[in-house]
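The values are calculated or read from the model by the stated rules, or taken from the named source; none is laboratory data. Not measured: the values here are computed from a predicted model. Ideal geometry is used to build each Cβ from the backbone, glycine not excepted, and the neighbour counts take in all protein chains shown. For accessibility, only protein heavy atoms count, side chains too; no ligands or nucleic acids. Shrake-Rupley method; radii C 1.70, N 1.55, O 1.52, S 1.80 Å.
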Amino acid sequence: MIGVILAAGDGTRLKNSTGAENCKALTKINNKYLIEFSLSNLISMGITKVIIVVGKSGDVIRKTIGHAYKGLSVSYVCQPQQKGLINAFMEALSRFDGEDVVLQLSDEIFVDFKTDAVKVLSDEIGFDFYCGVTYEDNPDKIRSNFSIDADENAVIKNCIEKPTIVKNKIKGTGFCIFRKNTLKILKEIYDETANTPNDLCDFINYLTAQHKCGKAFCVAEKEFNINTAADLAEAVQFFKTVVSD
């Protein structure tokens, strides 16, 4: 199994609201670069190889993280243009074949990451993909991300991007595990000229429509998705409180 971290975004919303010049993935929270939280998750799972998809800030990320990070072998691939999450994912998939993938976003922080549960999923039989979720009491947090409709066995029925009506407390995250058979499907259906599928929900919904079995699982007790100055401030304050307690 190989890790893929998407870090090609410009972080425009964060830069516009904070005046920050550095790339979002290298924003510091609790004395750690944002991307280091994702790297640490992979290390805890026993992953040894990761591909980081970079964009305009690729050079500074390479210089900061390097090609080895605490036992991880790190390589990079560039997304030349901002064409969505799936396009960035495809850039990484073009560099290898025949392996399951753990997908992460560089701008997500998981609090109390459920390492043991994730390791169990890695060896579980019967599911084609997994989508990490958290349980969120604030519906606005779900509206700004995506939600998942699942049955009583956590089998995914539908994925809703930025839902207008929030029907449950399930908040989707960018942490996913894809078996190699689902990645083969993505390579077959992806159309770069039409930029489809474009986002994670598009791909998940396509898989469910093709009767591929996906499972939603709780990946952490809490998640921060850092897109704006308010998101950053909330995460910084949370870690200050945790440390002081």
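DSSP bridge analysis restricted to the chain gives an antiparallel fraction near 55%, rounded to the nearest 5. Between ASN227, ASN158, ASN195, the residue with the greatest mean-square fluctuation in the GNM of the chain (Cα pairs under 10 Å linked by springs) is ASN195. Dipole magnitude for the stretch 67-164: about 420 debye, using +1 per Lys or Arg Cβ and -1 per Asp or Glu Cβ, origin at the Cα centre. With all pairs of separate Cα atoms included, the chain yields a Kirkwood hydrodynamic radius of 18.3 Å. Oblate is the label for the stretch 38-108, because a/c, from the alpha-carbon gyration tensor with a ≥ b ≥ c as root eigenvalues, is 1.5 or above and a/b does not exceed b/c. Over the stretch 176-245, give the accessible area per residue in Å² for a 1.4 Å probe, as an integer. That works out to 49 Å² for each residue. Once you order the gyration tensor axes a ≥ b ≥ c over the Cα atoms, which shape class does the stretch 111-202 get: rounded for a/c under 1.5, otherwise prolate or oblate by comparing a/b with b/c? The shape class here is oblate. When the Gaussian network model of the chain links Cα atoms closer than 10 Å, the mean-square fluctuations of PHE110, PHE96, PHE37 top out at PHE96. Pairs of Lys residues in the stretch 143-205 that lie 8 or more places apart, or on two chains, and have C-alpha atoms under 28 angstrom apart add up to 13. Largest mean-square fluctuation among ASP199, ASP112, ASP128, in a Gaussian network model of the chain whose springs join Cα atoms under 10 Å apart, belongs to ASP112. To put it simply, the accessible area of the chain at a 1.4 Å probe is 49 percent carbon and sulfur. Going by a ≥ b ≥ c, the root eigenvalues of the Cα gyration tensor, does the stretch 185-245 fall in the rounded group (a/c under 1.5), the prolate group (a/b larger than b/c) or the oblate group? Oblate, since a/c reaches 1.5 and b/c is not below a/b.
Ignoring GluC sites (Glu not before Pro) that are buried or in helix or strand per DSSP, and keeping those with at most 14 other beta carbon atoms within 10 Å, what is the longest stretch of the chain between them? That gives 22-98 as the longest site-free run. For the chain, what does the helix formula give at 222 nm: sum of -39500 (n - 2.57) over DSSP H segments with n ≥ 4, over the residue count, nearest 500 deg cm²/dmol? Helices in the chain give a 222 nm mean residue ellipticity of -10000 deg cm²/dmol. In this Cβ point-charge picture (+1 for Lys and Arg, -1 for Asp and Glu), the chain has a dipole of about 460 debye about its Cα centre. Absence of a disulfide-compatible partner, taken as no other cysteine beta carbon within less than 4.7 angstrom, is noted in the chain for CYS23, CYS78, CYS131, CYS176, CYS213, CYS218.
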